[in-house]
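Working notes for the structure below.
Every number in this text was worked out from the coordinates using simple rules, so none of it is lab data. Since we're looking at a predicted model, the values are computed, not measured. Because the Cβ atoms are built from the backbone with ideal geometry, glycine has one as well, and the counts that use them run over all protein chains shown.
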Amino acid sequence: MFGLFIGGLIGYLFGRLPGLLIGAAAGAFLTRYIKYRLWQKISNVQTGFLESVFAVMGALCKADGVVTRDEIQVAERLFQQFRLTDESRDKAKAAFNRGKADDFDLDAELQHFLRISGRQPALLQMFLQVQVSAVAADGVVHPAEHEMLLRIARGLGLPESQVDQLEAMLRGSQGGQAGSAQRSTASQLEDAYKVLGVSSSDSDDHIKKVYRKLMSENHPDKLAGRGLPDSMREMAEQKTREISNAYDVIKTARQKA
């Protein structure tokens, strides 16, 4: 509508009524074209996101020298969790197998994802989050897998601390309330600071500012508009819950201090 109005106005200024009609038509066409290109761009990012995620996951699962049955089951559970269509599932499986190949170029794949994602920090962090989740799903993180997680973070231009941050987030989410009860208050608080990427010496105002920034950057709707596949919305929602829970843990601890 805005494009039609602007096009019509410009056309009228130059050609009165005929110009108005021509300008309005041109404006409407331009609006539709921009919307189509935007949809196409988001669609390309979504497709590229899933294929790169599972290709890198295949390489990550093979980091310790062999892909175990448990690791394959982890990938299959993610297929279900992301509610992939049959077509998307086939593409994800093919990408996973591509990542397992001896000649797979991890660095080139990460550079490819950087290009299609526009280097948007929230998408890059979500990409890394999936990899950490896949490795930690079986409860065992092999040293070679941890090293590759650090390599992936570096390849995405993310600080290595992001790996610790996401691992802390997973510790907070695994096991629910029962799991939290088994962990010491000090351990929960330490992980909460890691989740937000802040220090215990930071002021309340600074921590609140960081918390609000993280919640805004990781809002599922905002991520979807940047190209995060709809199938991964649940994981994005889980991340915002963990960020909120971490902030609550820090607030509670500071109020008691």
Partner lysines for K239 [C-alpha distance under 27 Å; skip if fewer than 8 residues away on the same chain]: K41, K62, K91, K93, K194, K208, K209, K213, K222, K251, K256
Ranked packing of 91-97, 149-155, most packed first, by mean Cβ within 10 Å: 149-155, 91-97
Burial order of peptide ranges 195-205, 104-114, 122-132 (average beta-carbon count within 10 Å, highest first): 122-132, 104-114, 195-205
